[in-house]
Amino acid sequence: MTKSDIKLLAAAAAGLAAGIGIGILIAPAKGSKTRKRLKRKFFHLADLAKEELNDQMDAFKSAFISHEEEPGKEVIDEEVIDQKKDENTEGEAK
């Protein structure tokens, strides 16, 4: 990470913190209700992110496994076919 990236992330975090602080101060609901609502939303977003990550991991695993199995299966199938051809050729030559 470059210095400009770090500065950008720090500015974004500061802006986010300021926005949350101002939002809490001018919120029409009581502070405790607002904190509970924010907590629920945060955990809901965390659950959504976790589900999405799990879906992406499952898709990656299935793509990796299917890609890994198929080429090997083809090689084995070709070797079996070649062996059968060799056996048939040897049987005909005798």
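The values are calculated or read from the model by the stated rules, or taken from the named source; none is laboratory data. Treat the numbers as computed from the prediction; the structure is a model and nothing was measured. Ideal geometry is used to build each Cβ from the backbone, glycine not excepted, and the neighbour counts take in all protein chains shown.
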Test residue 86 against the criterion of being among the charged types (D, E, K, R) and at pLDDT below 75, and give yes or no. yes
Which listed residue, of 40, 35, is out of contact with any Ser or Thr (no Cβ under 8 Å at 6 or more places or on another chain) and at pLDDT 85 or above: 40
Residue 27 fails exactly one of the following numbered conditions: (1) in a helix (DSSP H, G or I); (2) touching a helix residue (DSSP H, G or I) at 6+ places or on another chain (Cβ under 7 Å); (3) of a type outside the set (Lys, Arg). What is the number of that condition? (1)
Counted residues, the range 22-57 - those being of a type outside the set (Val, Ile, Thr), surrounded by 10 or more Cβ atoms within 10 Å (Cβ to Cβ) and over 26 Å from the mean Cα position of the chain (by Cα): 8
